[in-house]
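The structure under discussion appears below in the form of structure tokens.
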Amino acid sequence: MGDREAKKLLKLIGETSTSLPDDVEGALKKVLAKEPRGSSARIVLETILENTALAKASGTPLCQDTGTLSFYIDEAVKDKVTPEDVKAAVAEATKKGLLRKNCIDPVSGRSFDDNCTEYTPIIHYKSAEWRKSLGLEGTITLQLKGGGSENMSRQYSLPSTILGAARDMTGVRKCVLDAIFRAQGYGCAPGIIGVCIGGDRATGYEVAKEQLLRRLDDISPDPKLARLERWILKDANMLGIGPMGMGGKTTILGVKATARPRLPASFFVTVAYMCWACRRNSCG
Amino acid sequence: MVDLDYPFSETAVRALKAGDVVRISGTIHTGRDMLHKYFADGGEFHVDFKDGALFHCGPVVVKTTAGWRVVAAGPTTSIRENAYEPGFIRATGVRLIIGKGGMDSATLAAMQECGCVYIQAVGGAAAVAAAAVKRVSGVDFLEEFGPAEACWHFEVDGLKGIVAMDTHGKSLFTDVAKYSRRQMDILTQPMSSKGKKK
């Protein structure tokens with residue numbers, strides 16, 4: 001990889017850590033107008049927008065939890081952008097304070113200085129078709145997902161007697177609403193929800209998280225899923241949890257759902273919770 | 001807007017009510033998962049929290065020739081410290097717990113008893129919080145816990161937050177949890193998808 005590509009990767013990490021995607025910032029501005037002046041919800045949203053502007057202007061991280069780094073790279077540029085190139089850029093960004101030293105060995109408790117190990121950052125090489133299906137531009141996409149939101153992601157197995165949820169779209173809706181209800185403000189509401197219906201346990205989480213790469217204005221091409229997305233979004237915002245769980249009209253900014261084939265014995269519903277600081281960006 | 005300056009007096013703290021917007025100035029200390037566990041396990045500890053503030057935060061801090069510089073310092077989720085916090089409040093005499101998401105009823109009871117409030121900082125709003133940090137006066141447990149878990153000592157000027165749990169037994173989070181539970185029951189009733197409009 002040449003110098004130009006190295007600079008491009010570092011720039012991508014910096015921009016992703018310090019700025020919100022325009023669709024997310026736009027959605028936050030829109031919901032701010034719905035909350036009464038002086039309410040906790042309004043104060044929280046005003047602080048979020050003030051923070052977004054300040055982070056961008058000062059080139060500092062939007063949120064101190066710079067999260068799990070997931071790179072999604074077009075397989076066509078695999079030879080030009082290798083895992084070593086990505087790691088070099090991540091190490092450099094960590095040194096510059098664009099990323100927190102955010103990687104801990106769970107057994108020894110040791111903190112890794114540059115966020116780079118055999119297993120981190122996470123790098124996926126994906127097809128151009130896959131990128132197109134999520135509406136991704138360019139050839140490299142980076143997502144930063146903080147731990148507070150990751151802790152709120154959940155997986156359900158249908159049918160569920162506890163939720164009174166059967167193996168149908170009404171049952172799926174109950175699972176997703178339950179996840180949003182349980183998350184309260186802990187995942188840094190207003191959040192964005194990625195859903196995978198079906199699949200096995202492992203791919204369920206992976207695919208639900210990938211749904212968070214879609215823009216908020218992207219609508220599922222499947223009319224049944226598009227209807228489900230709208231339905232859950234409307235209902236979730238009647239829960240009254242509000243920004244940071246302090247009450248209010250906006251709990252969720254968007255719901256993005258997809259489906260994967262399942263086994264006759266299994267029917268998983270996997271819910272990925274993303275905080276308002278939904279950091280994703282693409283380049284090249 | 002209520003201004004709170006270190007040292008935080010019991011009288012000032014007991015006068016606060018859930019929903020009050022506050023501006024904190026003076027010394028505050030960060031502490032999260034590892035510090036709480038270490039303290040509960042009886043680890044050696046010399047940071048003075050009496051009439052002080054504990055900030056649940058793992059900041060991004062860079063070392064410059066002029067010393068430490070905080071670039072991002074938003075709150076982390078406080079519920080993870082529920083098991084430790086009542087003991088911490090009683091033992092240290094801390095007056096302000098700053099975090100996000102609120103804490104449980106046992107912590108609320110310890111707050112009422114000792115004169116301590118919970119202040120909600122906006123989660124993710126790390127640049128705004130960092131801008132309020134004027135100076136890093138020191139750090140403990142940097143080697144042992146790593147930079148995100150260390151106990152940083154900040155001098156802040158006008159760190160903003162909302163009192164979410166007060167010394168009168170009121171928690172904004174409990175009200176929201178109750179309301180959303182009711183709405184959830186209405187929304188997921190068989191044959192119904194209508195919730196009560198707030």
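The values are calculated or read from the model by the stated rules, or taken from the named source; none is laboratory data. In this text, all values refer to a predicted model and were calculated from it rather than measured experimentally. We place every Cβ from the backbone using ideal geometry, glycine too, and count neighbours over all the protein chains shown. The accessibility values were calculated without ligands, DNA or RNA, using every heavy atom of the protein model including side chains. Shrake-Rupley method; radii C 1.70, N 1.55, O 1.52, S 1.80 Å.
Could you tell me which of the pairs A:56/A:96; A:234/A:256; A:126/A:234 are separated by over 25 angstrom between their Cα atoms in the structure shown?
From A:56/A:96; A:234/A:256; A:126/A:234, over 25 Å: A:126/A:234.
Determine the distance separating the Cα centre of the stretch B:146-190 from the Cα centre of the stretch A:219-284; give it in Å without decimals.
23 Å
Looking at chain A as a GNM with Cα springs under 10 Å, which of A:89, A:33, A:55 has the largest mean-square fluctuation?
A:33
Have a look at the stretch B:28-62 and report residues whose accessible surface goes down by 20 Å² or more when the remaining protein chains are included, against the chain on its own, probe 1.4 Å, ligands and DNA/RNA excluded.
B:34, B:58, B:60, B:62
Measure off, as a whole percent, the carbon and sulfur share of the 1.4 Å-probe accessible area of the stretch B:2-171, all protein chains present.
Carbon and sulfur: 50 percent of the exposed surface of the stretch B:2-171.
To the nearest hundred square angstrom, how large is the accessible surface buried between A and B, total for both chains, probe 1.4 angstrom?
Answer for the A-B pair: about 3700 Å² buried.
Using alpha carbon coordinates only, what is the Rg to Rh ratio of the stretch A:3-146, with Rh defined as the Kirkwood radius?
1.03
Based on Cα positions only, what radius of gyration and what Dmax would you give for the stretch A:148-279, in angstroms?
Expressed in Å, the Cα Rg and Dmax of the stretch A:148-279 come to 13.4, 42.
Once you have the Kirkwood Rh of the protein assembly as shown from its Cα pairs, apply Stokes-Einstein at 10 °C and 1.306 mPa s and quote D in µm²/s.
In µm²/s, the coefficient is 69.
Quick one: among B:137, B:105, B:180, which has the greatest mean-square fluctuation in a GNM of chain B with alpha-carbon springs under 10 angstrom?
Ranking B:137, B:105, B:180 by mean-square fluctuation puts B:180 first.
With the solvent-accessible surface defined on protein heavy atoms using a 1.4 Å probe, which residues belonging to the stretch B:150-187 display a reduction of at least 10 Å² in accessible area in the multichain context relative to the isolated chain?
B:160, B:162, B:172, B:173, B:176, B:177, B:179, B:180, B:181, B:183, B:184, B:187
Give me the percent of accessible area attributable to carbon and sulfur for the stretch A:90-135, probe 1.4 angstrom.
Roughly 52 percent of what the probe reaches on the stretch A:90-135 is carbon or sulfur.
If I compute solvent accessible area with a 1.4 Å probe over the protein chains, what percent of it on the stretch A:148-279 is carbon and sulfur?
58 percent
Might you list the cysteines of the protein assembly as shown that have no disulfide-compatible partner by the rule of another cysteine's Cβ under 4.7 Å?
Lacking a cysteine Cβ partner under 4.7 Å: A:63, A:103, A:116, A:175, A:196, A:278, A:283, B:57, B:114, B:116, B:151.
Could you list, bin by bin from short to long, the percent of Cα-Cα pairs of chain A in 5 Å steps?
Spelled out bin by bin, chain A gives 1, 6, 12, 16, 18, 16, 14, 10, 5, 2, 0, 0 percent.
Do any residues of the stretch A:34-73 lose at least 30 Å² of accessible area when the full set of protein chains is present rather than just their chain alone, and if so which, with a 1.4 Å probe?
Hits at the 30 Å² cut-off: A:43, A:47, A:51, A:54, A:60, A:61, A:64.
With the contact rule set at Cα under 8 Å and sequence spacing of 6 or more, what percent relative contact order holds for the stretch A:3-146?
Relative contact order here is 33 percent.
Roll a 1.4 Å probe over the protein chains and send me the accessible area per residue for the protein assembly as shown in Å².
On a per-residue basis, 41 Å².
What is the log10 of I(q)/I(0) for the stretch B:2-171, computed with the Debye formula using one identical point scatterer on each Cα and no solvent, at q = 0.08, 0.11, 0.16, 0.20 Å⁻¹?
-0.20, -0.38, -0.85, -1.38
Just to be sure I understand the curve: with the Debye formula and one point per C-alpha of the stretch B:1-92, what is log10 I(q)/I(0) at q = 0.18, 0.22, 0.23 Å⁻¹?
So the normalised log intensities are -1.02, -1.33, -1.37.
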